[in-house]
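Just so you know, all these numbers are worked out from the coordinates, no wet-lab data involved. Only a predicted model underlies this, so the values are computations on that prediction, with no experimental measurement involved. Please note: Cβ atoms are built from the backbone with ideal geometry, for glycine as well, and neighbour counts cover all protein chains shown.
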Amino acid sequence: MEIQFYEQQKVFMLHTENTTYSMAIVDDCYLEHLYYGSKIQSPNIRYILREDEPPFVPSKNLREKEAFLDCAPMEYPESGMGDYRESAICIRSVNGHRGSELCYSGYTIEEGKPVLEGLPATWGSEKDSMTLKVYLKDQLLGIKATLQYSIFEGIDAIMRSVIVENEGKEVVYLEKVLSACLDMEDRGFEVMGLFGAWGRERHIQRIPVGYGRQNIASFRGKSSHQENPFMALVTPETTQDFGEVYAMNFVYSGNFIAQVEKNQFDSLRMTMGIHPEGFTWKLNPKEKFIAPEVVMVYSSKGLGEMTRTFHNLYRSHLIRSKYLHTKRPILINNWEATYFDFDEKKLLEIAKEASKLGIEMLVMDDGWFGNRNNDDSSLGDWFVNEEKLKGGLHKLVEDVKKTGMKFGIWVEPEMISPNSLLYQAHPDWAIQIPQRSITQSRAQYVLDFSREDVVEAVYQMISNILRSADISYVKWDMNRQLTTLGSANLKADQQGELYHRYMLGVYKMQERLVTEFPDILLENCSGGGARFDAGMLYYSPQIWCSDNTDAIERLAIQEGTALLYPVSTIGSHVSVCPNHTVGRDTPFETRGDVALFGTFGYELDVTKLSDAEKELVKEQTQNYHKYNDLIREGDYYRLASVSENGHYDSWMVVSNDRDKALLFYVQVQAKANLKSRFIRLKGLSPEKIYILNGQEYTGDILMKVGARISPEFGDFKSKILELFQK
Ligand code: DGJ
C-alpha cells in the first residue's frame, strides 16, 4: 500500500497490493484520470492523455476549450462548461446559473481512513490504511471539493468519497454530487449488474456496452429489490477465473445511480453516486455536503477475485458488529409459521420444540404490537398487544428463555399506519405533499425520518421495548418505498434534500441502536432483500436476503448476492414445502444445505414437522456448528451456475489456511442416462493432500481434473462434501 505524488510529472499514484490508480494535473487546473488496472511502477504515463494531439490543452488552444473538456478523461467532471458526457457534479448558483470550474488547488496524503460523518463507510487505522485528499476549488462560487481516495493494506480496492464545502459568501444549490467517476478507453466491455423484483432479488445480468448511456438505478428511496447499487465493467472473455473487471459498489442504502456511457471517441465513463432525480441540496456559506462512499475494485483474474476482494474488505473494514466473527444463534422465525395468527402459547410451543432440536433463538416477527392482526394497522404503535401476548413481553421472553432459547423481535421503525394512534396524534409525521393524498403501499405511510423529533420519538418507543425484556436480536424491516415526497419541516428550497436526509435519519437511529445495545444482533430487512447493500452492513452483520425461501429460487438469489456480499451476511432460512412463494416441493436436506451457506435458521412451524424431519433438523443444526466457522470466514469460489447451465449449481468455501473446504453441489434437474460429473475445485493448495469421500487427492488433481460427483435420482438433490488436509 502506497500513495505518491510525483512533482515533476504532476502525477498521483495509489498502489494497492496488485493494482494502481493514477491521475494527473493538467494545465495547472484539470485533474485528469490516467490509469486504473494491474500494478505499474513508473509515473511516466502522461502520454495516455494525448496532450500533444488536438484539441491540446486550453492554455495552448483556448479557442477549442470545449473540445478539450468533451474528450479529456476527467477525474471529477462538471456540468455546464463543455463536457457533455455525464457530469459528476452540478452546482446552481444563487443567481440560478449552472456551471463550475473546480481547479486543482493542492493535496494531502494521510495515514488512516477518515470517518464520513453521519454515513456508513469503510474504516481503518493509521497502521492499515492511507488516504489521498485532492482539493479542487471554484474561485467564482467559493466552492471547495475534496476528492478522497483511501486504500487498505492487502486489499485491492479503492474507497472514494467527495466533500463539497461552501467557502463563499452566497448560498449555492447542489443539483448533483456523484461520488466516483472512472474514465477509460473501451475494450469491448460488457456491463454487469444485479437486477430483480420482490422474491427474485439480485439476479446477475451481463450485456454489451453500447453507445450512449446505460444505467442501474433506484429512486425508490432505498437501494431496492429491482436494482442493486453495483455495476461492473468486464472484458468479454471474463469468467470466474479470467478477464478484467472494474467494479463499483455504493456504501449507501438510498437513491443511487450507476452508469456507463460510451462516447463518440469510444471511451467510457463509469459513474456512481446519489441519484440526481429529486435531489437538490442547499449549501449555505460554511456548510459542507458529504457524498457517500463508493468502493472500486479492479480484478485482472476474473469475477471470482473481485468477489473475494469485496468479501474480505467488508469483513475486515466495513461490518462492525461484535457478531461478525462469531457463530450466530440458530434462529427460528415465526413469520411463515403463523404470519399474524399467534399468541404467547403458540410461540412457546414453537420455542419448546425448537429447543429440543438444537435451535437457539426464537424470533417473534410482525404482529405483536398495537392492534396488528393483519398488515392494515398499528405501525408506529410500539407497545405490546397484551391480548395476544398475555402477561406481556417480559414474561414471554423469560418463558422462552426457560426453554433454553434466546429471544428476538421484529420492528419496522420507519413506518406509520394511517390506522394507528401515532398517526392520529401526529399526521404531519408522515412524508406527504400537502393537500395531496399519500400513496399507500401495504396500507402504510413512511415516517419523515429527516426530522430529528420523529427519529427521537421512534427511538424512545423502540428502545423502551428493547429495555423492557432480555432481547438478543432485532430484525429491522422496511416494507415500502418512498412516494409523495414532502416534509413538513423543510422549506421550499430544501424539499430536494428529503430523500438523503431520510437516509441520514435512518443511519442515525441505527447508529444509536447499535451503540446503546451493542449486544443485540441486528438484522436488516426490507420486504425481503430490498436493502441488501453495503450501507446497511455497516450497522448489521446480516441482512434478510429475500422473502423467497424456496431452495431452488434461492440459488440465483444467493449467487447474485454473494457476488459482492460475504456469505456470512446472507439471511437464509429453511421453510416448509410446498414453498409459500412458489409452491415448489424440495427435499428438506436441500433446503438445509442451501440455508447453511448463509446465516442459517428456520422459518416454519416446527411443531408440525414429522419425526423424520425433526431428525433432519437435529442433523442440520449440528452441521451448522460443525461448518459455520469455515463458511463464515472462508474464501468463496463459484464453481458452476444453474443460471448458465440449466442443470446444476455448485460452489465451495475454502479455509484461509487452505486446509479445509466445503463443496456444495445441487442437481437441479435430473436427466436420464447420466454419468458422474467432474467438478474442478478452486482455491485449494496444489501440493496439499486432501481427503474427500474417504479418498486421498492432491489439491492439484482436484483443481485440474476435478472432484467426481455422481448423479442423483430426482430433481433438487443436493450434497455437501467436506475436504480436509490429510
Ligand atoms: C417482510 C419481511 O421480509 C418478512 O420476513 C416479514 O418480516 C414481513 N415483512 C412481516 O411483515
Rounding to the nearest 10 and keeping the result within 0 to 90°, find how far the Cα-based axis of helix 553-562 lies from the longest principal axis of the chain. 40
From the Cα gyration tensor of region 127-269, with a ≥ b ≥ c the square roots of its eigenvalues, which class applies: rounded if a/c is under 1.5, or else prolate if a/b is larger than b/c, or else oblate? prolate
Under a point-charge model restricted to the Cβ atoms of Lys and Arg (+1) and Asp and Glu (-1), what is the dipole moment magnitude of region 1-102 relative to its Cα centre, in debye to the nearest 20? 120
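For region 253-335, rounded, prolate or oblate, judged on the Cα gyration tensor with a ≥ b ≥ c (square roots of eigenvalues), a/c < 1.5 rounded, else prolate if a/b > b/c?
Values: a/c = 2.23, a/b = 1.34, b/c = 1.66.
Cα axes put region 253-335 in the oblate bin.
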Nearest 20 debye, what's the magnitude of the dipole of region 515-626 about its Cα centre given +1 on Lys and Arg Cβ and -1 on Asp and Glu Cβ? 100
Going by alpha carbons, how many degrees (0 to 90, nearest 10) lie between the helix axis of 452-468 and the longest principal axis of the chain? 30
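Between Met461 and Asn61, what FRET efficiency follows from the Cβ-Cβ distance if R0 is 56 Å, with the result rounded to 0.05?
Numbers: r = 64 Å, r/R0 = 1.15.
It comes out at approximately 0.30.
What is the packing order of peptides 339-348, 238-247, taking the mean over residues of other C-beta atoms within 10 Å and listing the highest first? If you can, show how the numbers build up before the last one.
On the way: 339-348: 16.4, 238-247: 18.7.
So the peptides 339-348, 238-247, ranked by packing, come out 238-247, 339-348.
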Where in region 708-726 does the label zone of Glu696 land, with the point 7 angstrom along Cα→C-beta and an amide N cut-off under 15 Å? 724-726
Taking the alpha-carbon distance from Lys346 and a cut-off under 22 Å, which lysines remain once sequence neighbours fewer than 8 residues away in the same chain are dropped? Lys356, Lys388, Lys390, Lys395, Lys401, Lys402, Lys406, Lys475, Lys608, Lys614, Lys618
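In terms of the Cα gyration tensor, with a ≥ b ≥ c the square roots of its eigenvalues, is region 94-142 rounded because a/c is under 1.5, prolate because a/b exceeds b/c, or oblate? Walk me through the numbers before you get to the answer.
Working: a/c = 4.86, a/b = 1.99, b/c = 2.45.
Oblate, because a/c is 1.5 or more while a/b does not exceed b/c.
Using alpha-carbon pairs under 8 Å, 6+ residues apart, how would you state the relative contact order of region 578-726 in percent?
Values: 249 pairs, mean separation 32.7, N = 149.
Relative contact order, region 578-726: 22 percent.
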Residues in region 509-534 that a label on Asp341 would reach, taking backbone N under 16 Å of a point 7 Å out along Cα→Cβ: none
Taking the Cα centre of the chain as the origin and placing charges on Cβ (Lys, Arg +1; Asp, Glu -1), which of Met361, Gly304, Trp382 is farthest toward the positive end of the dipole? Met361
Check Asn228: other-chain or 5+ apart residues with amide H under 5 Å from its amide H, H built from backbone geometry? Leu194
Using alpha carbons only, how many degrees (0 to 90, rounded to 10) separate the axis of helix 611-633 from the longest principal axis of the chain? 30
Describe numerically, in nm with one decimal, the distance between label points set 7 Å from Cα along Cα→Cβ at Thr326 and at Ile433. 4.9
Which FRET efficiency value, to the nearest 0.05, do you get for Ser676 and Asp186 by plugging their Cβ-Cβ distance into 1/(1 + (r/R0)^6) with R0 = 60 Å? 0.90
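Between Cys29 and Glu237, what is the FRET efficiency for a Förster distance of 45 Å, r being their Cβ-Cβ separation, to the nearest 0.05? Don't skip to the answer; put the middle values down first.
Numbers: r = 39 Å, r/R0 = 0.86.
So, using R0 = 45 Å, E works out to roughly 0.70.
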Report the extension gain between Glu170 and Ser38 in nm, rounded to one decimal, defined as 0.36 nm multiplied by the number of residues separating them, less their alpha carbon distance. 43.1 nm
Simple label model, 7 Å out from Cα along Cβ direction - Tyr84 to Asn373, nm: 6.5
In debye to the nearest 20, the charge dipole size for the chain, taken about the Cα centre with +1 at each Lys and Arg Cβ and -1 at each Asp and Glu Cβ, equals 840
Sorted peptide list for 175-188, 533-546, criterion being average Cβ within 10 angstrom, highest first: 533-546, 175-188
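Give me the Kirkwood hydrodynamic radius of region 381-510 in Å, from all C-alpha pairs, to one decimal place? Each step should come with its number before you reach the end.
Details: mean 1/r = 0.0623 Å⁻¹.
After inverting the pairwise mean of 1/r, the radius is 16.1 Å.
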How big is D, in µm² s⁻¹, for the chain by Stokes-Einstein at 37 °C and 0.692 mPa s if Rh is the Kirkwood radius over C-alpha pairs? 122
Could you give the distance between the Cα centres of region 188-221 and region 257-334, to the whole Å? 15
Once both labels are modelled 7 Å past Cα along the beta-carbon direction, what's the Thr484-Ser267 spacing in nm? 4.7
With just the Cα atoms defining each centre, how far is region 686-707 from region 92-122? Give it in Å. 52
May I ask which residue of Ala337, Gly196, Met248 lies farthest towards the positive end of the charge dipole of the chain, with charges of +1 (Lys, Arg) and -1 (Asp, Glu) on Cβ and the Cα centre as origin? Ala337
Debye sum, Cα scatterers, region 554-654, no solvent: what log₁₀ I/I(0) at q = 0.12, 0.15, 0.23 1/Å? -0.41, -0.64, -1.34
Hey, what D do you get for region 390-444 in µm²/s if you plug the Kirkwood alpha-carbon radius into Stokes-Einstein at 25 °C and 0.890 mPa s? 172
Between Met74 and residues 5 or more places away or on another chain, which pairs have amide H atoms under 5 Å apart, with H built 1.01 Å from N, and which residues are they? His33
Based on the mean of other beta carbon atoms within 10 Å per residue, what is the order of 275-288, 295-308, 80-93, 591-604, most packed first? 591-604, 295-308, 80-93, 275-288
For each pair in Lys137/Lys508; Lys626/Lys726; Lys222/Lys322; Lys675/Lys719; Lys127/Lys288, compute the distance between the two Cα atoms and list the pairs where it is over 21 Å. Lys137/Lys508; Lys222/Lys322; Lys127/Lys288
Other residues with Cβ under 11 Å from the Cβ of Thr515 give, with Lys and Arg +1 and Asp and Glu -1, a net charge of +1
